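Quick notes on the structure that follows.
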């Protein structure tokens, strides 16, 4: 027969959200707001050549908002979404640099920041992407954003 202390055991501890995840999530929500405003203005302009661009930004705003909120909640799909977004964005900017000589260095920097902020082991564990079964966490984090 189970004792009362076994029945009322504490629920598993919720992982703490690293500061770097918060920064990336805030960037995504900010970018979602920008894309939403840009998309609405482009669609309302009534110009046919801006309609497709406006619709793209509206859809992109929805995806960025979902990824940002998912990152605040530490959902594993949000980590995968951010990494996919960063890979596509970096590839796009490298191709622009190589073939069109028109790269957006701010976009490159933001995507690089997202990759570097979401790559540490502690962040992957917090998102549930990597499990702690075979991981030794005895040494402190090397991510300067997460040092307190």
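Throughout, read-outs are computed from the coordinates displayed, never taken from laboratory work. Everything numeric here is computed off the predicted structure, so don't read it as measured data. Neighbour counts are summed over all protein chains in view; Cβ atoms, including those assigned to glycine, are modelled from backbone coordinates with ideal geometry.
Assorted remarks:
- Distance from the C-alpha centroid of segment 72-90 to that of segment 37-71: 19 Å, rounded to the whole angstrom.
- Extension gain, residue 22 back to residue 112 (0.36 nm per residue minus Cα-Cα distance, nm): 30.8 nm
- D_trans [Stokes-Einstein, Kirkwood Rh over alpha-carbon pairs] for segment 70-110, 10 °C, 1.306 mPa s, µm² s⁻¹: 143
- Sites residue 66 and residue 45 - FRET efficiency at Förster radius 35 Å, r taken between beta-carbons, to 0.05: 0.85
- Compactness of segment 18-129, taken as the C-alpha radius of gyration over 2.2 N^0.38 Å, stands at 1.14.
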